[in-house]
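*Asks:* Before we start, here is the structure in question, set down as C-alpha cells.
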2 protein chains.
Amino acid sequence: MGEFELIQRCFAEAGRKRTDVAIGIGDDGAVLQVREGCDLVITTDSMVEGIHFFPDVDPRSLGHKLVAVNVSDLAAMGAEPCWLSLALTLPKVDEAWLTAFAEGLSETADYYNCQLIGGDTTRGPLSLTMIAKGVVPKGKAITRAGAQNGDYLYVTGTLGDAALGLQLVQNKVEISKKHRAHILQRFHYPTARVALGQALRNIASSAMDVSDGLAGDLLHILRRSKVGVVVDVNKLPMSQALKDSCDAEQALKYALSGGEDYELLFTVPENRRGSLEVLLSPYGVPVTCIGRITGAVGKLEFKQGEQPFVYQHQGFEHF
Amino acid sequence: MGEFELIQRCFAEAGRKRTDVAIGIGDDGAVLQVREGCDLVITTDSMVEGIHFFPDVDPRSLGHKLVAVNVSDLAAMGAEPCWLSLALTLPKVDEAWLTAFAEGLSETADYYNCQLIGGDTTRGPLSLTMIAKGVVPKGKAITRAGAQNGDYLYVTGTLGDAALGLQLVQNKVEISKKHRAHILQRFHYPTARVALGQALRNIASSAMDVSDGLAGDLLHILRRSKVGVVVDVNKLPMSQALKDSCDAEQALKYALSGGEDYELLFTVPENRRGSLEVLLSPYGVPVTCIGRITGAVGKLEFKQGEQPFVYQHQGFEHF
C-alpha cells in the first residue's frame, strides 16, 4: 500500500457518519446540507510542532486535542458541531503515528457528532490545521461583543489545570500520584463545553473559550463589547489537584494566565441570572461567578475579596 | 505596532464585503448566512514552502494563487464562491512580505466576490492553508462520480502552460520574449473557471479541476464514476506560446502531465452536447472535446488520431 492510500484509509471514515453530508471526502470539495433556519459557524485552529505540542506527544491525544480545541470554539458561539476538515502537513508517513493520530481524531469527532468531510495532505514540517463547522439557530450565535455594564462574569469548570499539566509534561514540577492523572487528562484531553454552550444561547450576553489564559482572553470581550471588568481572584474556581500541587500564589498565576483550559467564559445580564442555575444544572458542569462587567472601557481590574489586586499578566503569544 | 496587530491589520478587510457575513474576523468563529435552497460546498488546499512554492516567490502572486486554487475547486463543483478562511504559519513577521501577500489575496478574493472571514496565525515553517466555502443550489453540485459510458470529455482553456512556467521560473528552459509574459501569467496567476463551472451545473455529468496533471486527474473521475476513457492527444488544446516554446513531444508531455493549469475537466452526455456551445459561449472560455468515456472501468487509454498512443504518466505526487 502506498503512502497516499495509507493516509486515505486512516481518515476515510473518521468521526460520526452524518446524513447531512451529501458529498464527503474524495471530490474537489465536500457538499453539506445546512439545516434550514440555521446560520453556519466556522472556526480554524492550527497546531504546529514545537509551538503547540512537543515532538514526542502521544499522537492519539494530539488527534483528540485538535478536535476538542476546534469544537470548543464552536461551543463558545453556542453552535452545534457538525463537520470537520483537516489540513495535515507531514514530514514523513509513519504508519503507527498516523494510525494513532487518526484514531484519536476519529473517536473525539464521533463523541462530538462530527464527521470528517475533507481536507488536504502535504509533505512538510509537521503541522495540523482543523476547520470545524457547526450550525446555530439564525441570529442566536453568542459573540464576544454583547457584554454590558452590570453583567455578571462566569466561567465553567476550573482554571489553571492545563497550565500545571504543561509544566508537568516538561518535568518542571512534581505532582503527587493522586493528582497526576487528573492534571494530565486536563492537559492532553480537554473537554469542549458543547452542551453548555448551546444552553447559554438565550442566557449569555457574550461568551468565548479560555484558550490563551483568562486575563488575556478577557481583553477580547472587553475590546469587542467596549466594556471593562472587575474580577475577584478569590472566586476563581480551581481544582483540588491544582491547589494541592502548588502554593496559593502559583495556583493563582496558573488560573489567571494559564492557557488551554478550554472552559467557557461568559457574561449574564442581571435579569437572567436567576434562571442560570436551574437551566444549567442538567449539564453537570459547575459554573462560577468570578466578576462583573463595568463601564470602564477596556479596563481589566482585579480584586482579592475587597482589596485591589495587582497582577501582571503574561499570556500565550501566538506572535 | 506589534506583530499581532500588523497581521490583524493586513487581513482585517480582505476581499469583498458580503452582507451574508453576520460575524467575520475577531470572534471565536465566523457566522455565515447560507442562502436558502442551497447546499454548502467546502474545499481545503495547503501550500507549503519548498513543496508548492519557492522561497523567493513574489508574495503578491502567492496570495493570488492561494485564493485561485481554492476557488477553482469550488468552480469544479459548480459552486458560487463566498467565504475564505486562512491558516497562516509564518517563521517571522516581514511587513513588506506580509503586506504584499495580503494584497494579492485580498484583490483576488474581491475578484471572486469572496470575503475573508477568519483563520488562525501561528509561528512556524512557512505554510498556507486556505478553506474556501461556497454555495450551490440543493442537489446541483457537480461531482467526479457522474460520468457514464458514452459521455464526451471536455476541457476548458489550454493545457501545459503552467508546467512550462514552472520550468521557466527554475531557469530550466528559455522562452521567447513574445511568450514569456503569457506563460508566467499562467503559472503565477491562474484563473478559476467560476462562471463556467456554474454554467455546467445542468450540462456536465461530472467535473473536476486539473491541478495535478490531466492524466493523473482523469483517474479520479474514472475511479469515482467507475468508467474508463479514451483521450485523443491530437485534440489536447495548447497555447501558441507552448507550441512555439518546445517541440511537439515535450509540449504533449506538459499538456498530459503538467499540473497547476486549473482548467475544468468535465463530461457531457450525448443528449446535452448540442446545447453546450450555445450555453457556454457567453463565458468567453474555449472548451474542447478531447475524448470519450468508455465502459472499461478504470482504464485510461490514449490515441493519437486513429493510432493507439502509449504514455507513461508522471504526475505530481503530494506524497
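The values are calculated or read from the model by the stated rules, or taken from the named source; none is laboratory data. As the structure is a computational prediction, the values presented were derived from the model and not from experiment. No Cβ is skipped: glycine too gets one built from the backbone with ideal geometry, and neighbour counts run over all protein chains shown. Heads up: the accessible areas ignore ligands, DNA and RNA and are worked out on the full protein's heavy atoms, side chains in. Shrake-Rupley method; radii C 1.70, N 1.55, O 1.52, S 1.80 Å.
*Asks:* Which of B:Leu222, B:Leu300, B:Leu279 moves most in a GNM of chain B, Cα contacts under 10 Å?
*Replies:* With Cα springs under 10 Å in chain B, the top fluctuation among B:Leu222, B:Leu300, B:Leu279 is at B:Leu279.
*Asks:* Something else: Let's see if you can work this out: charge +1 on each Lys and Arg Cβ, -1 on each Asp and Glu Cβ, no other charges. What is the dipole magnitude of chain A about its Cα centre, in debye to the nearest 20? Please list the in-between numbers first.
*Replies:* Details: 31 positive and 38 negative charges, 189 e Å.
So the dipole magnitude of chain A works out to roughly 900 debye.
*Asks:* Hey, another quick one. Stretch B:Asp20-B:Asn171 to full length: gain in nm at 0.36 nm per residue minus the Cα-Cα span?
*Replies:* Details: separation 151, 0.36 × 151 = 54.36 nm, distance 4.54 nm.
Residue separation times 0.36 nm, minus the Cα-Cα distance, leaves 49.8 nm.
*Asks:* If you stretched the chain out fully between B:Leu279 and B:Leu6, how much longer would it get, using 0.36 nm times the residue separation minus the C-alpha to C-alpha distance?
*Replies:* On the way: separation 273, 0.36 × 273 = 98.28 nm, distance 4.63 nm.
Full extension from B:Leu279 to B:Leu6 adds 93.7 nm.
*Asks:* Something else now. What FRET efficiency do you get for B:Gln250 and B:Asn149 if R0 is 45 Å and r is their Cβ-Cβ distance, rounded to the nearest 0.05?
*Replies:* Numbers: r = 33 Å, r/R0 = 0.74.
Between B:Gln250 and B:Asn149 the formula returns 0.85.
*Asks:* Could you calculate the contour length gain from A:Lys303 to A:Glu36, that is, 0.36 nm times the residue separation minus the distance between their Cα atoms, to one decimal place in nm?
*Replies:* Numbers: separation 267, 0.36 × 267 = 96.12 nm, distance 4.61 nm.
Residue separation times 0.36 nm, minus the Cα-Cα distance, leaves 91.5 nm.
*Asks:* Same structure again: Considering the options B:Leu242, B:Leu66, B:Leu279, tell which one lies farthest towards the positive end of the dipole of the protein assembly as shown, charges being +1 on Lys and Arg and -1 on Asp and Glu at the Cβ, about the Cα centre.
*Replies:* Of the options given, the answer is B:Leu279.
*Asks:* Can you give the mean number of other chain Cβ atoms that lie within 10 Å of the Cβ atoms in peptide B:207-215? Can you show the working numbers first?
*Replies:* Details: counts 2, 2, 1, 0, 1, 0, 0, 0, 0.
Mean number of neighbouring Cβ atoms from other chains: 1.
*Asks:* Using Cα positions and a limit of under 23 Å, work out the lysines in reach of A:Lys65, with same-chain residues fewer than 8 apart set aside.
*Replies:* Reachable lysines: A:Lys17, A:Lys92, A:Lys133, A:Lys172.
*Asks:* Quick one: plug the Kirkwood hydrodynamic radius of the protein assembly as shown (C-alpha pairs) into Stokes-Einstein at 20 °C, 1.002 mPa s, and report D in µm²/s. List each step's numbers first, then the result.
*Replies:* Numbers: Rh = 25.9 Å.
Once the numbers are plugged in, D ends up at 83 µm²/s.
*Asks:* Can you give the FRET efficiency for B:Gln240 and A:Glu103, using 1/(1 + (r/R0)^6), R0 = 45 Å, r = Cβ-Cβ distance, to the nearest 0.05? Don't skip to the answer; put the middle values down first.
*Replies:* Working: r = 53 Å, r/R0 = 1.18.
Plugging the Cβ-Cβ distance into 1/(1 + (r/R0)^6) gives 0.25.
*Asks:* Where Lys and Arg each count +1 and Asp and Glu each count -1, what net charge lies around A:Phe309 among other residues with Cβ under 13 Å from its Cβ?
*Replies:* Values: positive: A:Lys235, A:Lys253, A:Lys303; negative: A:Asp232, A:Glu249, A:Glu301, A:Glu306.
Local net charge: -1.
*Asks:* Give the residue from A:Gly160, B:Leu184, B:Gly197 lying farthest towards the positive end of the charge dipole for the protein assembly as shown; charges sit on Cβ (+1 for Lys and Arg, -1 for Asp and Glu) and the dipole is referred to the Cα centre.
*Replies:* In the protein assembly as shown, that residue is B:Gly197.
*Asks:* Based only on the alpha carbon positions, what is the Kirkwood hydrodynamic radius of chain A, in angstrom? If you can, show how the numbers build up before the last one.
*Replies:* Numbers: mean 1/r = 0.0490 Å⁻¹.
Hydrodynamic radius (Kirkwood, Cα pairs) of chain A is 20.4 Å.
*Asks:* Measuring nothing but label to label, 7 Å from Cα along Cα→Cβ, what are B:Thr19's distances to the other copies in nm, shortest first?
*Replies:* 3.5
*Asks:* Where both residues lie in chain B, what percent of DSSP beta bridges are antiparallel, nearest 5? Present the calculation step by step, with values, prior to reporting the outcome.
*Replies:* Values: 43 of 56 bridges.
Counting only bridges with both partners in chain B, antiparallel ones make up about 75 percent.
*Asks:* Report the GluC sites (Glu not before Pro) located in region B:188-287 that are in a DSSP loop and have at most 15 other Cβ atoms inside 10 Å of their Cβ, or state none.
*Replies:* Working: sites: B:Glu249, B:Glu260, B:Glu263, B:Glu270, B:Glu277; in loops: B:Glu260, B:Glu263.
Filter output for region B:188-287: empty list.
*Asks:* As a test, work out the antiparallel percent of DSSP beta bridges whose residues both lie in region B:81-217, rounded to the nearest 5.
*Replies:* Details: 8 of 16 bridges.
Within region B:81-217, antiparallel bridges account for around 50 percent of the total.
*Asks:* R0 = 22 Å: FRET efficiency of B:Glu13 with A:Arg223, Cβ-based, nearest 0.05?
*Replies:* About 0.80, to the nearest 0.05.
*Asks:* Taking every DSSP beta bridge that has both residues in region B:152-309, what percent is antiparallel when rounded to the nearest 5? Please list the in-between numbers first.
*Replies:* Working: 20 of 24 bridges.
Roughly 85 percent of the DSSP beta bridges within region B:152-309 come out antiparallel.
*Asks:* What nm distances, shortest first, do you get from the label point of A:Leu279 to those in the other copies when the point sits 7 angstrom along Cα to Cβ?
*Replies:* For A:Leu279, the other copies' label points sit at 5.0 nm, shortest first.
*Asks:* Also: Determine the principal axes of the Cα atoms in region A:152-307, then give the extent along each, sorted from largest to smallest and rounded to whole angstroms.
*Replies:* Cα spread of region A:152-307 along its principal axes, largest to smallest: 45, 35, 25 Å.
*Asks:* Next up: Rounded to the nearest 20 Debye, what is the dipole magnitude of region A:152-307 about its Cα centre when Lys and Arg each give +1 and Asp and Glu each give -1 at the C-beta? Before the final figure, lay out each step's value.
*Replies:* On the way: 18 positive and 16 negative charges, 55 e Å.
Dipole about the Cα centre, nearest 20: 260 debye.
*Asks:* Something else: Add +1 for every Lys or Arg and -1 for every Asp or Glu among the other residues with Cβ under 10 Å from the Cβ of A:Asn234, and state the total. Mind dumping the intermediate values first?
*Replies:* Details: positive: A:Lys235, A:Lys303; negative: A:Asp232, A:Glu306.
Here the charged neighbours net out to 0.
*Asks:* Show me, for region B:153-161, the HN-Hα J-couplings you get by feeding each phi into the Karplus relation (A = 6.51, B = -1.76, C = 1.60, θ = phi - 60°), rounded to Hz, glycine and proline as x.
*Replies:* The phi angles translate into 9, 10, 9, 8, x, 10, 10, x, 5 Hz.
*Asks:* So, one more: Two decimals is fine: what is log10 I(q)/I(0) at q = 0.14, 0.17, 0.26, 0.28 Å⁻¹ for region A:1-76, from a Debye sum with one equal scatterer on every Cα and no solvent?
*Replies:* Each listed q corresponds, in turn, to -0.68, -0.97, -1.33, -1.31.
*Asks:* Which Rg and Dmax, in Å, describe the Cα atoms of region A:105-184?
*Replies:* 19.1, 51
*Asks:* Between B:Glu270 and A:Asp94, what is the label-point separation in nm under the 7 Å Cα-to-beta-carbon projection?
*Replies:* Modelled inter-label distance: 5.6 nm.
*Asks:* Dipole of region A:50-155, Cα-centred, from +1 at each Lys and Arg C-beta and -1 at each Asp and Glu C-beta, to the nearest 20 debye? If you can, show how the numbers build up before the last one.
*Replies:* Working: 8 positive and 11 negative charges, 86 e Å.
Here the size comes out at about 420 debye.
*Asks:* Sticking with this structure for a sec: Could you pull out the trypsin sites (Lys or Arg not before Pro) across region A:59-142 that fall in loop regions by DSSP (anything but H, G, I, E, B) with no more than 12 other Cβ atoms inside 10 Å?
*Replies:* Working: sites: A:Arg60, A:Lys65, A:Lys92, A:Arg123, A:Lys133, A:Lys138, A:Lys140; in loops: A:Lys92, A:Lys138, A:Lys140.
The qualifying sites are A:Lys92.
*Asks:* Taking all protein chains as present, what is the carbon and sulfur share of the accessible area of the protein assembly as shown, in % to the nearest whole number, probe 1.4 Å?
*Replies:* Working: 12600 of 26000 Å².
Here it works out to 48 percent.
*Asks:* With a 1.4 Å probe on protein heavy atoms only, work out how much accessible surface A and B bury together, total over both chains, in Å² to the nearest 100.
*Replies:* Details: alone 15310 and 15340 Å², together 26000 Å².
Chains A and B together bury roughly 4700 Å² of accessible area.
*Asks:* Next question. Under the convention of a label 7 Å out along Cα→Cβ, give the distances in nm from A:Val93 to the same position in every other copy, shortest first.
*Replies:* 3.9
*Asks:* Residue by residue through region A:201-216, what is 3J(HN,Hα) from phi via Karplus (6.51 cos²θ - 1.76 cosθ + 1.60, θ = phi - 60°)? Round to whole Hz and write x for glycine and proline.
*Replies:* Using θ = phi - 60°, the values come out as 3, 9, 10, 7, 8, 7, 7, 7, 9, 8, 10, 10, x, 3, 4, x Hz.
*Asks:* Okay, moving on. Near the amide H of A:Phe309, under 5 Å away, which other amide H atoms are found, from residues 5 or more places off or on another chain, if H is placed in the peptide plane?
*Replies:* Placed amide hydrogens put A:Phe302, A:Lys303, A:Gln304 under 5 Å from A:Phe309.
*Asks:* Indicate the residues belonging to region B:4-26 that lose 30 Å² or more of solvent-accessible heavy-atom surface (probe 1.4 Å) upon moving from the chain alone to the assembly of all protein chains, ignoring ligands and nucleic acids.
*Replies:* Buried on complex formation: B:Phe4, B:Ile23, B:Gly26.
*Asks:* Quick one: 3J(HN,Hα) in Hz for region B:228-235, Karplus 6.51/-1.76/1.60 with θ = phi - 60°, rounded, Gly and Pro as x.
*Replies:* Karplus-based 3J(HN,Hα) across region B:228-235 equals x, 8, 10, 10, 8, 5, 5, 8 Hz.
*Asks:* If you don't mind, there's one more thing I want to ask. What whole-number value in Å² describes the accessible area per residue of chain B for a 1.4 Å probe?
*Replies:* 41
*Asks:* Working from the pairwise distances between different alpha carbons, so that the mean of 1/r is found and then inverted, what is region A:3-137's Kirkwood radius in Å?
*Replies:* Details: mean 1/r = 0.0672 Å⁻¹.
Radius from the Kirkwood sum: 14.9 Å.
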